[in-house]
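Chemist: Starting off with a structure, shown below.
The values are calculated or read from the model by the stated rules, or taken from the named source; none is laboratory data. Keep in mind the model is a prediction, meaning the values are calculated, not measured. When we count neighbours, we look across all protein chains shown, and the Cβ atoms used for this are built from the backbone with ideal geometry, even at glycine. Protein only, heavy atoms only, side chains kept; ligands, DNA and RNA dropped before computing areas. Shrake-Rupley method; radii C 1.70, N 1.55, O 1.52, S 1.80 Å.
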Amino acid sequence: MTKPLWIKHAAQLVTLASDVKGPRTKEAMSNLGLIEDGSLWIEDGIIQAVGTTKELEKRYSEKLHEAEIVDAKNHLVTPGLVDPHTHVVYGGSREREFEMRLEGATYMDIMNAGGGIHATTRMTREATEDELIKQTTRRLDSFLAHGVTTIEGKSGYGMNLETELKQLRVMKKLQEQHVIDIVPTFMGAHAVPPEYKGREDEFVDHLIQDMLPVVAEEKLAEFNDVFCEKGVYTPEQSERILEAGKRFGLIPKIHADEIEPYGGAELAAKIGAISAEHLLKASEAGIKAMAKSGTIACLLPATALYLREEAAAGRKMIDEGVAVAISTDCNPGSSPTTSMPLVMNLACISMRLTPAEALTAATYNAACAINRQEQVGSLEVGKQADIVLWKTKNYQELQYLFGVNHVKSVWKKGIKVV
Ligand code: NIG
Ligand code: FE
């Protein structure tokens, strides 16, 4: 039996507790369930009580002497951040492409010339499982140092069965080895593999017949994602892949309307995807359809910045009633970052989310986007004790002092890991 943990005197304890179940929309995105002079009691990695310091002091008066005490005086305490969209497992890196884009090449030019996702696919195919574990561990450590305690991870740099499975197995191993929780997504349709150029429909058949069954059989993924984009997969092909995934119990996600408006948001709503990602160019009708279907918009403002594109219409989406989550999109091409705090800053600066909305988008709504809202994303009794103690005194300051890592300490399942 480990000692109970008592975190007390938080200047602001952001619990995100609410009676609203499921992703938060509109005004509910601003309800942080804030407690001043807040306090948490943790036993066996689970939150046992949440309240003011006075309340918990009284309630646990008999046990106080047994507890390990953390005095959070003058500091902000929040749930561990959740990153619901990453491509964290990959081989190599692509700094030369960064230079090429600054010299004038576009993201799609580079990809169509065999670079971009294809370059990382080659490097990931060549990498051994051990090399991938080593590289990815470094990124997971960095996520943790930035207050992130749960991430989603996608395959998609294999685009053949062997390497897709290698990426997914690496995630499974890391889930066992590393303190971060990793929720796996199969993304075999991340690009059209060079072997299938001009034969996209054949690759879609191959993916459905030969890849999905193995991924499902080995229980290597919970979600199924596709890059629905002009020059990659059409909405029709994307629908076939995602509907087939559903038959294997994989929940659909879509990289939608990133580079050009292409009906991705509409498709996400139509097939009941749990989330649609990017949405820089989502249409008015698409946004409305997502609000109606309850599809979460997973917005990636660091990617927009990195590609020097205008960010998604986050403010408008919230006003229209779409539940918004935010993510790093951590990947070697369009967003090589592990900083969710930066992503929260950018959600405010480039999408006009309020500081409170950005925090909801990076915690509770992010957990909803990967079906983990029962375990993480808020500080409530019975949930995992995934907690961040910040150097800042309140959540407004966290979003205001930008581009800096304000993490002081992180607990994962009640154990101090940073
Ligand atoms: O979400 N848009 C497609 N996929 C990734 C980028 C992957 C890469 O460039 O390696 C994204 O931005
Ligand atoms: Fe992505």
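Chemist: Considering each of 266, 309, 277, 258 in turn, give the residue that is outside any loop (DSSP other than H, G, I, E, B), within 16 Å of ligand 2 (Cβ to nearest atom) and at pLDDT 95 or above.
Modeler: The unique qualifying residue is 277.
Chemist: Next question, about the same structure. Being touching a helix residue (DSSP H, G or I) at 6+ places or on another chain (Cβ under 9 Å) and over 21 Å from residue 327 (Cβ atoms), is that true of even one residue in the range 137-155?
Modeler: Looking through the range 137-155, none of the residues is touching a helix residue (DSSP H, G or I) at 6+ places or on another chain (Cβ under 9 Å) and over 21 Å from residue 327 (Cβ atoms).
Chemist: Name the single residue that is farthest from ligand 1 (Cβ to nearest atom) among those in the range 124-138 being of a type outside the set (Val, Ile, Thr) and open to solvent by less than 60 Å² (accessible area, probe 1.4 Å).
Modeler: Kept after step one, since they are of a type outside the set (Val, Ile, Thr), are these residues of the range 124-138: 125-127, 129-132, 134-135, 138.
Right, trim to open to solvent by less than 60 Å² (accessible area, probe 1.4 Å) and you get 127, 129, 132, 135.
Working: 127: 15, 129: 20, 132: 15, 135: 14 Å.
Restricting to residues being of a type outside the set (Val, Ile, Thr) and open to solvent by less than 60 Å² (accessible area, probe 1.4 Å), the top hit is 129.
Chemist: Of all residues in the range 201-234, which are within 16 Å of ligand 1 (Cβ to nearest atom), over 26 Å from residue 151 (Cα atoms) and among the charged types (D, E, K, R)? Even if it seems obvious, please write down each step before you answer.
Modeler: Taking the range 201-234 as the starting set, the residues that turn out to be within 16 Å of ligand 1 (Cβ to nearest atom) are 223-234.
Remaining after also requiring over 26 Å from residue 151 (Cα atoms): 230-231, 234.
Once the filter is applied, which keeps residues that are within 16 Å of ligand 1 (Cβ to nearest atom), over 26 Å from residue 151 (Cα atoms) and among the charged types (D, E, K, R), the range 201-234 yields only 230.
Chemist: What is the residue count in the range 222-240 for residues that are closer than 26 Å to residue 304 by Cα and either within 14 Å of ligand 2 (Cβ to nearest atom) or within 23 Å of the chain's Cα centre (by Cα) (or both)?
Modeler: Total satisfying the criteria: 11.
Chemist: What are the pairs, 6+ residues apart or on separate chains, where a residue within the range 312-340 that is outside the structural domain of residue 146 (by the TED database) has its Cβ under 9 Å from a residue that is within 16 Å of ligand 2 (Cβ to nearest atom) and open to solvent by 10 Å² or more (accessible area, probe 1.4 Å)?
Modeler: Filtered contacts from the range 312-340: no entries.
Chemist: While we're here: With the requirement that a residue be closer than 17 Å to residue 311 by Cα and either surrounded by fewer than 24 Cβ atoms within 10 Å (Cβ to Cβ) or not charged (D, E, K, R) (or both), what does the range 263-291 give you? Can you show your working first?
Modeler: Start the filter on the range 263-291 by keeping residues that are closer than 17 Å to residue 311 by Cα, which leaves 264-265, 276-284, 286-287.
Residues satisfying the conditions are 264, 265, 276, 278, 279, 280, 281, 282, 283, 284, 286, 287.
Chemist: Right, something else. Residues in the range 149-160 that are within 16 Å of ligand 2 (Cβ to nearest atom) and either open to solvent by 10 Å² or more (accessible area, probe 1.4 Å) or within 17 Å of residue 370 (Cβ to Cβ) (or both): how many?
Modeler: Taking the range 149-160 as the starting set, the residues that turn out to be within 16 Å of ligand 2 (Cβ to nearest atom) are 151-159.
Subsequent filtering for residues that are either open to solvent by 10 Å² or more (accessible area, probe 1.4 Å) or within 17 Å of residue 370 (Cβ to Cβ) (or both) retains 151-156.
Of the residues in that region, 6 qualify.
Chemist: Among (1) hydroxyl-bearing (Ser, Thr, Tyr); (2) over 18 Å from residue 294 (Cβ atoms); (3) in the same structural domain as residue 154 (by the TED database); (4) touching a Leu at 6+ places or on another chain (Cβ under 7 Å), there is one condition residue 392 misses while meeting the rest; what is its number?
Modeler: All conditions pass for residue 392, except number (3).
Chemist: Scan the range 193-213 and give yes if some residue there is open to solvent by 10 Å² or more (accessible area, probe 1.4 Å), touching a residue at least 60 places away in the same chain (Cβ under 8 Å), under 27 Å from residue 108 (Cα atoms) and not charged (D, E, K, R), otherwise no.
Modeler: To start, the set of residues in the range 193-213 that are open to solvent by 10 Å² or more (accessible area, probe 1.4 Å) comprises 194-202, 205-206, 208-210, 213.
Those still in the list that are touching a residue at least 60 places away in the same chain (Cβ under 8 Å) too: 194.
Then keep just the ones that are under 27 Å from residue 108 (Cα atoms); that gives 194.
Adding the requirement that they be not charged (D, E, K, R) leaves 194.
Within the range 193-213 (the criterion being open to solvent by 10 Å² or more (accessible area, probe 1.4 Å), touching a residue at least 60 places away in the same chain (Cβ under 8 Å), under 27 Å from residue 108 (Cα atoms) and not charged (D, E, K, R)), the answer is yes, since at least one residue qualifies.
Chemist: If a residue counts only when it is over 30 Å from residue 191 (Cβ atoms) and either open to solvent by less than 10 Å² (accessible area, probe 1.4 Å) or modelled with pLDDT under 95 (or both), which strands (runs of 3 or more DSSP E) contained entirely in the range 1-111 have at least 1 such residues?
Modeler: Details: elements: 5-14, 34-43, 46-52, 68-71, 76-79, 81-83.
Filter on the range 1-111 gives 5-14, 34-43, 46-52, 76-79.
Chemist: Another question, if that's okay. Please specify each residue of the range 399-418 satisfying the condition of being assigned to a strand (DSSP E or B), in contact with a strand residue (DSSP E or B) (Cβ under 7 Å, 6 or more places away or on another chain), in contact (Cβ under 8 Å) with a residue 40 or more places away in the chain and open to solvent by 70 Å² or more (accessible area, probe 1.4 Å). Step through it out loud before you land on a result.
Modeler: Residues of the range 399-418 that are assigned to a strand (DSSP E or B), as a first pass: 407-412, 415-416.
Pick out the ones that are also in contact with a strand residue (DSSP E or B) (Cβ under 7 Å, 6 or more places away or on another chain) and you get 407-412, 416.
Now restrict to residues that are in contact (Cβ under 8 Å) with a residue 40 or more places away in the chain: 407-412.
The answer is 408, and nothing else.
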